[in-house]
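Since the structure comes first, as structure tokens, the remarks are kept for the end.
Values quoted throughout were computed directly from the atomic coordinates according to the rules given, and no laboratory measurement underlies them. What you see is a predicted model, and the numbers here were worked out from it, not measured in a lab. Note: ideal-geometry Cβ built from the backbone for every residue, glycine included; neighbour counts use all protein chains shown.
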Amino acid sequence: MSSRTIGRPMQVLLAEDSLLDAKLTIAALSRGNFQHRLTLMRDGAEAMEYLQQVGRYREAPQPDLILLDLLMPKMTGLQVLAAIRHVERLRGIPVVILTAAEGEEPQHQAEDLQVRHYIRKPVNFDKFLEVVKALKQHWRKDLILPSLD
């Protein structure tokens, strides 16, 4: 059996204003030992520019997965999520919420917008990696993905 990999790395968009939380998320993805390319956006408005391929992001690749904080400047994660769901080519991208938002209302609002998973911070990164790996069924066949082992 060949150990050679085929396909392309998964494109991940991380929309997170906290550099500490971003570093922890990036470390968890690296520990997951699968090939990916991660783009970090520090506010919701910039994340939407990237997703809509506007201005300097005109050539940006469409992400295969969006990791989205709810509590961001300029445009909240819920506003970003709502905007994503209104754009046909973005609608099918799996979105995982990683947030410190308290209460049940933000979670209900995210669920109404068909978020795939809602994870409260501080994040248990082993469970986070399980979520990322479980989303494998939604990704394209040409991606290099983590095994479910």
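Note down the net charge around ALA22, summing +1 for each Lys or Arg and -1 for each Asp or Glu among other residues with Cβ under 10 Å from its Cβ.
Surrounding charge for ALA22 is -2.
What does the charge count around LEU40 come to, taking other residues whose C-beta lies under 14 Å from its C-beta (Lys +1, Arg +1, Asp -1, Glu -1)?
Neighbourhood net charge equals -4.
On full extension of the chain, what length is gained from SER18 through GLU59, given 0.36 nm per residue of separation minus the C-alpha to C-alpha distance?
Going from the current span to full extension adds 12.2 nm.
Evaluate the relative contact order of segment 8-133 (contact order divided by residue number), counting alpha-carbon pairs under 8 angstrom at least 6 apart; express in whole percent.
This gives 24 percent for segment 8-133.
Give me the distance in nm between label points sitting 7 Å out from Cα along the Cα-to-Cβ direction at GLN52 and GLN109, one decimal.
Spacing of the two 7 Å Cα→Cβ label points: 1.9 nm.
Where both partners of a DSSP beta bridge lie in segment 8-133, what percent of those bridges are antiparallel, to the nearest 5?
So the antiparallel bridges in segment 8-133 amount to around 0 percent.
With +1 on the Cβ of every Lys and Arg and -1 on the Cβ of every Asp and Glu, and nothing else charged, how large is the dipole of segment 8-133 about its Cα centre, in debye rounded to the nearest 20?
520
Starting from segment 72-131, pick out the trypsin sites (Lys or Arg not before Pro) whose DSSP state is loop and whose Cβ has at most 12 other Cβ atoms within 10 Å.
Here the trypsin sites (Lys or Arg not before Pro) that fit, given the DSSP loop and packing criteria, are ARG89, ARG91.
Can you bin segment 8-133 into rounded, prolate or oblate? Criterion: square roots of the alpha carbon gyration tensor eigenvalues sorted a ≥ b ≥ c, rounded for a/c under 1.5, prolate for a/b above b/c, oblate for the rest.
It is rounded, given that a/c, with a ≥ b ≥ c, falls under 1.5.
Tell me the net charge near GLU111. Cut-off is 13 Å between Cβ atoms, GLU111 excluded, with +1 for each Lys or Arg and -1 for each Asp or Glu.
Summing Lys and Arg as +1 and Asp and Glu as -1 gives -1.
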